[in-house]
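One structure below.
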Amino acid sequence: MRQVCRLDPELYQCVTTDIATDEVVITEKQIEHIKERHPDDYEICERWAAAIIHDPDYIIRSEKPNTAIVLRQIEENGKNHRLILRLKTSKDPENYKNSIITFQKVKEKEWRRLLRNKETLYKRE
């Protein structure tokens with residue numbers, strides 16, 4: 001398990017008000033998942049995950065409970081990216097942390113579809 005950053009619980013209260021920790025991690029299993037499914041994206045995830053979590057363009061409601069779809073355009077490459085963040089609540093096992101589930105580039109068409117069809121919980125002004 002790798003420490004990624006600490007999140008601002010107030011920013012993510014739009015997903016759930018029951019955030020039990022500010023610590024964000026990524027497990028070795030999820031790192032392997034990203035490397036296998038989105039091979040070009042892991043290096044970007046490693047460099048940018050904390051910045052995306054701290055300063056997202058959008059936070060979108062996920063169909064999964066206590067989970068956020070975090071969207072941000074990365075200045076470095078001008079591409080849109082999606083990070084799925086599972087938030088730890090008081091109902092989760094003690095050893096759980098806020099955790100990155102996956103990370104990937106998002107084509108412009110998919111970006112627009114997400115914003116059009118999903119509930120936007122937060123938009124950077």
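The values are calculated or read from the model by the stated rules, or taken from the named source; none is laboratory data. These numbers were taken from a predicted model, which means no experiment stands behind them. When we count neighbours, we look across all protein chains shown, and the Cβ atoms used for this are built from the backbone with ideal geometry, even at glycine. For the accessible areas, the whole protein counts, side chains as well, though only heavy atoms, and no ligand, DNA or RNA atoms are used. Shrake-Rupley method; radii C 1.70, N 1.55, O 1.52, S 1.80 Å.
For ILE101, nonlocal amide neighbours, meaning residues 5 or more places apart or on other chains whose placed amide H falls under 5 Å from its own, are ILE84, LEU85, ARG86. Distance from the C-alpha centroid of segment 80-125 to that of segment 4-35: 10 Å, rounded to the whole angstrom.
Ignoring the sites themselves, the chain has its longest run without trypsin sites (Lys or Arg not before Pro) in a DSSP loop having at most 15 other Cβ atoms within 10 Å at 1-90. Across ASN77, ASN98, ASN66, mean-square fluctuation computed from a Gaussian network of the chain (C-alpha pairs under 10 Å connected) peaks at ASN77.
Specify which residue in the list ILE84, TRP48, THR27 is farthest towards the positive end of the charge dipole of the chain, using unit charges on the beta carbon of Lys, Arg (+1) and Asp, Glu (-1), about the Cα centre. Checked the options; the winner is ILE84. The charge dipole of segment 1-64, taken about its Cα centre with unit charges on the Cβ of Lys, Arg, Asp and Glu (plus for the first two, minus for the last two), comes to roughly 140 debye. Heavy-atom surface analysis with a 1.4 Å probe gives segment 31-125 a carbon and sulfur content of 45 percent of its accessible area.
Taking amide hydrogens as placed 1.01 Å from N in the peptide plane, the amide H of LEU121 sits under 5 Å from those of ILE59, ILE60, ARG61, each at least 5 positions away in sequence or on another chain. Accessible area per residue for the chain, computed on protein heavy atoms with a 1.4 Å probe, is 58 Å².
Shown for the chain are no DSSP H helices, since none reaches 20 Å along its axis, judged by Cα atoms, with a mean Kyte-Doolittle hydropathy of at least 0.5.
In the elastic network of the chain, a GNM with C-alpha springs shorter than 10 Å, the most mobile of ILE84, ILE60, ILE44 is ILE44.
For segment 2-11, the Karplus equation 6.51 cos²θ - 1.76 cosθ + 1.60, evaluated at θ = phi - 60°, returns couplings of 10, 6, 9, 5, 10, 9, 8, x, 4, 4 Hz by residue, with Gly and Pro reported as x. About its Cα centre, segment 27-94 has a charge dipole of approximately 360 debye under the convention of +1 per Lys or Arg Cβ and -1 per Asp or Glu Cβ, with nothing else charged. Near the amide H of ALA20, within less than 5 Å, lie the amide hydrogens of LYS88, THR89, SER90, all on another chain or at least 5 residues away, with H placed in the peptide plane.
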